[in-house]
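Undergrad: This is the structure I want to talk about, given as structure tokens.
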Amino acid sequence: MTDFPFAGRTESRALPDMPPISTATFSIGDVVRHRMFDFRGVVFDIDPVFANSDEWYDSIPEGIRPAKDQPFYHLLAESADESYVAYVSQQNLLRDADGGPVDHPGIGSLFDLSGSGNYALKARLRH
């Protein structure tokens with residue numbers, strides 16, 4: 001219970017249960033690699049907790065289904081065969097040590113590639 005002053009009197013109210021706060025390990029523009037599957041990508045958006053459909057979540061085999069209460073990352077991803085958009089939990093990502101550029105047709109519309117190989121969000125897209 002927490003006391004709240006209100007119109008000259010104090011009311012006690014229970015605070016709502018808040019979900020635990022997770023800190024994102026990766027940032028927009030980081031290049032990451034999936035822990036189990038052979039693909040890598042550039043982070044272009046981050047959800048603080050799972051924010052996709054239940055149908056999508058239930059399609060993941062139960063034995064490898066990630067917890068929902070962690071950051072999830074939207075990636076411009078590439079594999080050996082194709083490029084696509086991926087949605088991946090934090091627990092399934094590692095910082096990519098490859099260092100090479102990611103080959104995805106959407107990168108040029110969102111990012112500029114610096115001389116050091118980092119992806120910087122285009123200035124017009126920054127808040």
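The values are calculated or read from the model by the stated rules, or taken from the named source; none is laboratory data. All values derive from a computational prediction rather than experimental measurement. Here the Cβ positions follow ideal geometry from the backbone for every residue, glycine too, while neighbour counts run over all protein chains shown.
Residues are listed down the side, and each one gets a yes or a no for (1) at pLDDT 90 or above; (2) farther than 30 Å from A67 by Cβ:
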| residue | (1), (2) |
| --- | --- |
| A86 | yes, no |
| D98 | no, no |
| V102 | yes, no |
| P105 | yes, yes |
| F111 | yes, no |
| G115 | no, yes |
| R124 | yes, yes |
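Undergrad: Based on this model, can you work out whether F44 counts as surrounded by 12 or more Cβ atoms within 10 Å (Cβ to Cβ) and over 19 Å from L121 (Cα atoms)?
TA: No; evaluated as a whole, the condition is false for this residue.
Undergrad: Checking E11 against (1) among the charged types (D, E, K, R); (2) at pLDDT below 95; (3) out of contact with any Phe, Trp or Tyr (no Cβ under 6 Å at 6 or more places or on another chain), only one condition comes out false. Which one?
TA: Just one mismatch for E11, condition (3).
Undergrad: Is it the case, given these coordinates, that G63 is part of a loop (DSSP other than H, G, I, E, B) and at pLDDT below 95?
TA: So G63 does not fit the description; no.
Undergrad: Sticking with this structure for a sec: For F50, state whether it is within 13 Å of the chain's Cα centre (by Cα), farther than 14 Å from V32 by Cβ and surrounded by 13 or more Cβ atoms within 10 Å (Cβ to Cβ).
TA: Criteria met by F50.
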